[in-house]
Amino acid sequence: MQQQVASEATADVALAKMTLEEQEKRKKQLWALGLVGFFSFISIGTYIYNEYYIYLSVYLWFGMIYGMCLQYGKFCFSSAFRDLFAIRVPRMLVGIVIATLLFGVVSAPITAAGLSTFHAAPVSSHAVIAGIFFGVGMVIAGGCASSSLYKTGEGNMNALIVILSLSLTQALFADVGGWANNFVPDSWTQSALEKGLPASITVTDGWVDQYLAGYVWNQPAVTYAEILGMTNDSVSGAFMGNLLVGIIIPAGLLLALVYAIYWRKGYLNKLKKAGKDASGIRVELAGYWSMIIANKRTAIAGLILGIACALHMLVMQGLRVKFGFKNAGVLLDRIGWDFGLSVQGTVFDPGYWYVTTQEAQWVGWSLQKMGIENMDNIYFGFVNGIPNPAINPADWMSFALIGGAAIIALFHDEFKFKKPTWETAMWSVIGGFFMGIGARLGLGCNVGAFFVRVANGDASGWLFGLGMAGGAYLGVKFFNWWTERQLAKEMESCGL
Amino acid sequence: MGMKFEKTDDGHYRLDVNGYVCPHPQIYTKKALEKLSSGDILELIFDNPSSGESIEQMVENDGNEFVEQKKESGQFIWQIQKA
């Protein structure tokens, strides 16, 4: 009798616990719906106020799609290289290649029709060096620029520290002059002066200014189509030059290399263990395919991400034609927000997915409000401006990206407010710093300087990627040493 | 709170990497499994969802097996048997 009462009581406790968990889940799902309502309210409300706000809302909703895809597929550019080198897992690299290919395939007709918002970046060894800085940083930080946004949406406060560190580093680095001018070669200074920039831009005072105007701008900005003597807005240039030569062939070779080094052996061993035939071209092809579909969530996220990125460019270009401007600076001016426009009247308005510059901008805006003059440099003062973050189109995208990730995380019960420890906060700050330097040297991050560029046939994209891979390798070497040391201390007491 | 590794029973070990973000959970798991003997069980506790995706594939690729995979209030508790 006593036993029966005890077991009934245990069952009641278990049931109550389950009901509590169910209630928690439901509460999270309500929060997710609330977020959808919040973003809808912003879009509808601002549109009713002024139709120009639809331009910002398009950034917002694509940002939300990016956040949803990133969280759903646990899509992290950092882990693409890091997990490959550290634990021999290629799932993320495969996901990124799928996303890049899809982005390229959908972009090609848009580019051929002359409707792309993309502009190639200068090509030289600076992209590799920038990639190395960025690669080291993303491994130390525990995530790249885009994944830090989606992880913030999961409630991960370490990721928020990464964003703060990355944003602050960029804003300060873009403006650093004085002592840093001693590290500028004379040829850069001379070349920068010859560019004839407006007087408000003190081009000889600022390391990044002289790096940009004295070196980077002198490098050719070309796509694979242009290298092969074709134009981007032609069918042959967009499909043969940029898509086939710039993406499909190198991506295919990269995956074949990853299969041969990281996947093939394990796959063939599994076949042998199961007593199946493990030789021949059919087996190799099946092995290659098994690597592609090994993680369906990542592959699906990559697929949607790739298509969304290309459609984003098309919609932005359509709105620019509709409203008759080429840069959102004009739009902000028309709706009465003229603070923080660059000397050319422009603001940062990429027309596609981008992460780091809008992060630097909100810090730049905050510093300006604190009385620190930072509109005398090229980055803020001549090109991107420092508009109020509340009205910055690209900031709407990043903000919604965090929101989109939060929505999916809440629906899947993966939202958890995670407080940083001193150790994890330290890695976040250091990693964010290195990524900030890399992003400014490379004129973008894993998204702007690698993903978008590769998918659009920009010759500098793979160079940045090569640097990122090298940097990730160095970062993994460091963490292997660090974790080995920490684990050895803990294992001593277990006799291992 | 830092990483914790302890022996819970004969052939049973616990690795607690709660609070850590990538790449710590996956690297610690890999290194811990390398040190264990065939048949040993590692109980892994972590709360970083993206690490889980990588750890799952690593365990499968290395021929190790999951004995149990539980999720409680945003925390993952996985039992892995070394091959």
(request) Run A:Ala99 past the list (1) of a type outside the set (Val, Ile, Thr); (2) closer than 20 Å to A:Gly302 by Cβ; (3) within 14 Å of chain B (Cβ to nearest Cβ); (4) touching a Cys at 6+ places or on another chain (Cβ under 8 Å) and report the number of the one that doesn't hold. (result) (3)
(message) Kindly evaluate A:Trp362 against the criterion of being under 22 Å from the mean Cα position of the chain (by Cα), surrounded by fewer than 24 Cβ atoms within 10 Å (Cβ to Cβ) and either within 25 Å of A:Met64 (Cβ to Cβ) or of a type in the set (A, V, I, L, M, F, W, C) (or both).
(response) yes
(request) Counting only residues that are touching an Asp or Glu at 6+ places or on another chain (Cβ under 8 Å) and either under 18 Å from A:Gly73 (Cβ atoms) or within 13 Å of another protein chain (Cβ to nearest Cβ) (or both), give me the helices (runs of 4 or more DSSP H) lying completely in region A:248-322 with at least 1 of them. (result) A:264-273
(message) Restricting to region B:11-55, name every residue that is open to solvent by 30 Å² or more (accessible area, probe 1.4 Å), over 11 Å from the mean Cα position of the chain (by Cα) and closer than 14 Å to B:Gln81 by Cβ.
(response) B:His12, B:Ser37, B:Ser38, B:Gly39
(request) Among what's in region A:365-402 and is charged (D, E, K, R) and assigned to a helix (DSSP H, G or I), pick the residue that is surrounded by the fewest Cβ atoms within 10 Å (Cβ to Cβ). (result) A:Lys369
(request) Determine whether region A:334-343 contains at least one residue that is within 24 Å of A:Thr111 (Cβ to Cβ), assigned to a loop (DSSP other than H, G, I, E, B) and not aromatic (Phe, Trp, Tyr). (result) no
(request) Say whether the condition of being under 21 Å from A:Lys25 (Cβ atoms), modelled with pLDDT of 90 or more and more than 7 Å from chain A (Cβ to nearest Cβ) is met by at least one residue in region B:26-41. (result) no
(message) Could you go through region A:129-144 and let me know if any residue there is surrounded by 23 or more Cβ atoms within 10 Å (Cβ to Cβ), in contact with a Leu (Cβ under 6 Å, 6 or more places away or on another chain) and in contact (Cβ under 8 Å) with a residue 40 or more places away in the chain.
(response) yes
(request) Could you please let me know if B:Ile55 is of a type in the set (A, V, I, L, M) and either facing chain A (nearest Cβ under 10 Å) or within 30 Å of A:Gln23 (Cβ to Cβ) (or both)? (result) yes
(message) Can you tell me which condition A:Phe239 does not meet? The list is (1) part of a helix (DSSP H, G or I); (2) exposed (fewer than 15 other Cβ atoms within 10 Å of the Cβ); (3) modelled with pLDDT of 95 or more; (4) under 26 Å from the mean Cα position of the chain (by Cα), and all the others hold.
(response) (2)
(request) Would you confirm whether any residue within region B:67-83 is at the interface with chain A (Cβ under 7 Å from one of its Cβ atoms) and under 12 Å from the mean Cα position of the chain (by Cα)? (result) no
(request) Quick one: which residue in A:Ser187, A:Ser200, A:Ser165 is within 20 Å of A:Trp365 (Cα to Cα), exposed (fewer than 15 other Cβ atoms within 10 Å of the Cβ) and out of contact with any His (no Cβ under 8 Å at 6 or more places or on another chain)? (result) A:Ser200
(message) Which of the helices (runs of 4 or more DSSP H) found entirely inside region A:403-496 contain at least 3 residues meeting this: farther than 22 Å from A:Ile307 by Cβ, facing chain B (nearest Cβ under 8 Å) and open to solvent by 10 Å² or more (accessible area, probe 1.4 Å)?
(response) A:459-492
(request) Say whether the condition of being in a helix (DSSP H, G or I) and either surrounded by 13 or more Cβ atoms within 10 Å (Cβ to Cβ) or modelled with pLDDT of 95 or more (or both) is met by at least one residue in region A:4-21. (result) yes
(message) Looking at A:Tyr47 and the list (1) modelled with pLDDT under 95; (2) open to solvent by 70 Å² or more (accessible area, probe 1.4 Å), which single condition is not satisfied?
(response) (1)
(message) Looking at region B:51-75, I want the residues that are free of Cβ contacts under 8 Å to residues at least 40 places away in the same chain and over 23 Å from A:Gly142 (Cβ atoms) and have a partner that is polar (S, T, N, Q) and surrounded by fewer than 18 Cβ atoms within 10 Å (Cβ to Cβ) with Cβ atoms under 9 Å, at least 6 apart or on another chain. Which pairs are those?
(response) B:Gly63/A:Asn269; B:Phe66/B:Gln79; B:Val67/B:Gln79; B:Glu68/B:Gln79; B:Lys70/B:Gln79
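The values are calculated or read from the model by the stated rules, or taken from the named source; none is laboratory data. Here the structure is a predicted model, which is why all the values come from computation and not from measurement. All Cβ positions, even for glycine, are placed from backbone atoms using ideal geometry, and neighbour counts span all protein chains on display. For accessibility, only protein heavy atoms count, side chains too; no ligands or nucleic acids. Shrake-Rupley method; radii C 1.70, N 1.55, O 1.52, S 1.80 Å.
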